[in-house]
Amino acid sequence: MENVTQEMWTSAAILVVAYALIFSEVLHRTAAAIFGAVVMIGVGMYMGFYSQRAAMLAVDGNTILLLAAMMMLVALLRPTGAFDFAAVHITHWAKGNPKLLLIYLSLAVSLISMILDNVTTVIVFAPLTVLICRLLKINPMPYLMAEAMLSNIGGAATLVGDPPNLMIGSAGDISFNSFLIHMGFPVMVVWVGTVGLMLFLFRDQLAEGGKDPRTLVATHAIKDVEGLKRILFSLGVVVVLFFIHHTLHVLPAYASFIGLTLALLLIRPDMEKLFGDVNWSVLFFFAGLFMIVGGVEASGLLDLLGHQLAKLAQDPGMLLLTGLLLMWVAAILSAVVDNIPFTVTMIPIILGLESSGVNIAPLWWALALGVGLGGNGTHIGATANIIAVSESEKSGMPEAKITPILWMRTGLPVMFFGLILASAVYWLFFEMFTTI
Amino acid sequence: MKIKHISIPTKVARPGMLVGEVMTECVEKDVPGIPFVDAEGNLSGRFSVRHLFLLCCIPQDIIQGAHLLGDDIEDLDFPHIRADELMARKVDEFIFPDVIRLSPNFQAIKALAIMEQYNTEYLFVTEGDDYQGVVTRLSIAKAIVTKVCCVE
């Protein structure tokens with residue numbers, strides 16, 4: 001501890017206060033992040049370890065711009081009615097079978113979450129799910145929980161499915177394909193296991209057959225056919241560019257902006273309204289966190305921590321254990337607190353290990369799996385969970401209400417079962433996780 | 001055209017009144033809502049038919065997916081829709097605290113502009129604490145059609 005300087009203590013104190021404000025919700029998390037960033041820059045300048053320019057450079061532009069572009073693309077897709085259309089057809093395919101409906105809805109939400117923001121996906125699907133269940137006369141609670149949890153799991157599979165993955169991919173220079181190859185397999189195993197577990201845990205609620213699903217019609221689901229074609233074409237271009245962005249030497253953010261530009265030219269939307277649909281609060285929250293952690297990094301504290309951890313991880317035999325430990329710690333912390341601050345803090349620590357000669361590739365995958373799966377443990381573990389809980393309350397159906405205890409009764413087994421499966425895949429195929 | 005000439009006098013809702021009584025007043029006077037006067041005699045809120053329906057009869061998911069509903073939904077069993085039970089409930093739990101008041105000397109054009117600004121169909125006309133009536137878009141339209149607008 002003798003190497004810990006006054007600057008390190010100060011920056012750590014600012015980070016702890018800012019994170020305490022974020023987690024305690026005394027202030028809105030964005031306000032707390034901005035407050036922390038402003039204090040970190042001011043104090044850093046006074047003490048000489050941080051500057052305004054360094055704070056600007058600490059913000060990962062690739063993450064922020066990619067998120068902004070994807071938010072705008074979703075904002076253009078949503079009013080076309082594509083999600084409504086999908087939900088009605090899923091209901092028809094399930095033919096009133098509650099178990100099939102759970103599998104189909106969860107699969108749809110998971111697949112969409114692999115490309116689009118999973119929070120938006122759940123925001124759109126949750127009220128439709130309640131409506132479907134109301135018409136089929138079945139309890140929407142298992143479906144809402146399954147959608148939230150499986151969208152969290154689905155989002156963990158790709159570079160763009162979850163903000164922590166974006167940050168990890170950007171920091172580790174990991175391509176979309178590499179993310180899909182490394183994370184796709186464990187996520188698929190966890191997904192199948194989770195669906196099986198949910199069918200078992202909700203066996204009583206899913207036992208009774210639903211009513212005839214013909215009460216839902218897709219005739220008026222699509223509100224703008226031309227707009228839908230154009231936005232799907234633009235999204236298709238984005239997805240293709242994601243697959244080849246590394247070959248073309250373009251950042252994922254630039255790839256998404258190419259698709260966005262195409263959409264803007266083809267659709268000519270009301271720009272004021274489009275910008276109004278962007279979740280600026282989330283973007284500023286991330287920017288604030290990057291600046292706070294940038295200050296701690298500039299003080300040298302994260303390097304010091306990295307050197308301590310490097311002693312453990314330098315031994316190749318211990319690398320697997322370090323990765324598993326990181327995955328479980330990340331998951332358990334993500335279940336109780338926001339996983340973004342944890343991810344933002346861990347990224348420079350892991351990057352610091354690289355300079356000590358540690359192969360950090362397995363740690364990136366462990367971190368991504370941990371923060372991706374941990375959010376399922378509690379109702380506050382992920383934003384999608386909060387939306388599912390809120391929708392269950394708004395439904396006005398007493399049997400649908402998801403209480404924190406009810407969530408944990410399902411969420412904790414799902415989280416731990418998912419972690420066990422992911423750990424098994426990580427251990428059995430560790431060689432695969434040692435590369436990027 | 002001043003709104004004092006076109007406002008519709010109504011009773012007010014008071015603490016302890018039943019939803020049925022208040023609804024009846026709205027239906028009889030053809031107004032979307034009436035003011036609520038609390039135990040101290042202050043005009044402290046409003047009863048709105050639209051908000052009553054929103055609270056009790058139409059869940060948010062139905063509103064969002066209304067365009068997806070087929071014609072064959074007559075067996076939808078909303079636990080909310082139990083008219084007798086609803087009419088027998090106290091009006092106090094359905095009162096909204098936001099009240100927009102207008103002076104009787106306001107011009108109708110100003111009333112229409114305020115209705116647009118607040119996305120509402122009706123406003124209350126008060127002179128100090130004295131409630132005089134409700135002015136609605138339809139009452140203004142009726143005044144135009146029946147030439148009451150020429151009265152000054």
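When restricted to residues that are of a type in the set (D, E, K, R) and assigned to a helix (DSSP H, G or I), segment A:6-28 contains 1. Here A:Asp270 fulfils each of the conditions (1) closer than 27 Å to A:Pro186 by Cα; (2) at pLDDT 95 or above apart from (1). For the residues A:Ala126, A:Ala171, A:Ala87, A:Ala148, the requirement of being under 30 Å from A:Pro269 (Cβ atoms), assigned to a helix (DSSP H, G or I) and away from every other protein chain (no Cβ under 14 Å) singles out A:Ala148. Based on this model, can you work out whether A:Gly411 counts as under 18 Å from the mean Cα position of the chain (by Cα), part of a helix (DSSP H, G or I) and small (Gly, Ala, Ser)? Answer is yes for this residue. Looking across segment A:135-153, the residues that are in contact with a Leu (Cβ under 9 Å, 6 or more places away or on another chain) and under 21 Å from A:Pro341 (Cα atoms) come down to A:Asn152, A:Ile153. Taking the numbered list (1) more than 18 Å from the chain's Cα centre (by Cα); (2) without any contact (Cβ under 8 Å) to a residue 60 or more places away in the chain; (3) away from chain B (no Cβ under 14 Å) in turn, A:Ala37 passes all entries but (2).
Do we have any residue at all in segment B:137-147 that's in a helix (DSSP H, G or I), among the charged types (D, E, K, R) and in contact with a Phe, Trp or Tyr (Cβ under 8 Å, 6 or more places away or on another chain)? The answer is yes; a qualifying residue exists. Among the residues of segment A:193-235, those that are over 21 Å from A:Met72 (Cβ atoms), within 14 Å of chain B (Cβ to nearest Cβ) and either without any contact (Cβ under 8 Å) to a residue 60 or more places away in the chain or surrounded by fewer than 19 Cβ atoms within 10 Å (Cβ to Cβ) (or both) comprise A:Lys211, A:Asp212, A:Arg214, A:Val217, A:Ala218, A:Thr219, A:His220.
Here B:Met17 clears all of (1) without any contact (Cβ under 8 Å) to a residue 24 or more places away in the chain; (2) touching a helix residue (DSSP H, G or I) at 6+ places or on another chain (Cβ under 9 Å) except the condition numbered (1). Please pick out the residue among B:Leu55, B:Leu86 that is within 14 Å of chain A (Cβ to nearest Cβ), touching a residue at least 40 places away in the same chain (Cβ under 8 Å) and either hydrophobic (A, V, I, L, M, F, W, C) or outside any loop (DSSP other than H, G, I, E, B) (or both). Sole residue among the options that is within 14 Å of chain A (Cβ to nearest Cβ), touching a residue at least 40 places away in the same chain (Cβ under 8 Å) and either hydrophobic (A, V, I, L, M, F, W, C) or outside any loop (DSSP other than H, G, I, E, B) (or both): B:Leu86. Taken over segment A:417-436, the residue count meeting the criterion of being part of a helix (DSSP H, G or I), over 16 Å from A:Trp191 (Cβ atoms) and among the hydrophobic types (A, V, I, L, M, F, W, C) is 5. Number of residues in segment A:307-349 that are free of Cβ contacts under 8 Å to residues at least 60 places away in the same chain and β-branched (Val, Ile, Thr): the value is 5.
Scan segment A:57-69 and give yes if some residue there is surrounded by fewer than 23 Cβ atoms within 10 Å (Cβ to Cβ), polar (S, T, N, Q), within 29 Å of A:Val293 (Cα to Cα) and touching a helix residue (DSSP H, G or I) at 6+ places or on another chain (Cβ under 7 Å), otherwise no. Yes, some residue in segment A:57-69 is surrounded by fewer than 23 Cβ atoms within 10 Å (Cβ to Cβ), polar (S, T, N, Q), within 29 Å of A:Val293 (Cα to Cα) and touching a helix residue (DSSP H, G or I) at 6+ places or on another chain (Cβ under 7 Å).
The number of residues in segment A:40-78 being under 23 Å from the mean Cα position of the chain (by Cα) and either among the aliphatic types (A, V, I, L, M) or part of a helix (DSSP H, G or I) (or both) comes to 20.
Residues that are more than 20 Å from the chain's Cα centre (by Cα) and surrounded by 17 or more Cβ atoms within 10 Å (Cβ to Cβ) within segment A:236-253 comprise A:Val237, A:Leu241, A:His245, listed in sequence order.
Screening segment A:318-408 for helices (runs of 4 or more DSSP H) wholly inside it with 1 or more residues that are touching a helix residue (DSSP H, G or I) at 6+ places or on another chain (Cβ under 9 Å), away from chain B (no Cβ under 14 Å) and at pLDDT below 90 returns the ranges A:339-355, A:383-394.
The values are calculated or read from the model by the stated rules, or taken from the named source; none is laboratory data. These numbers come from a predicted model, not from an experiment. Heads up, the Cβs are rebuilt from the backbone with ideal geometry, glycines too, and the neighbour counts pull from every protein chain shown.
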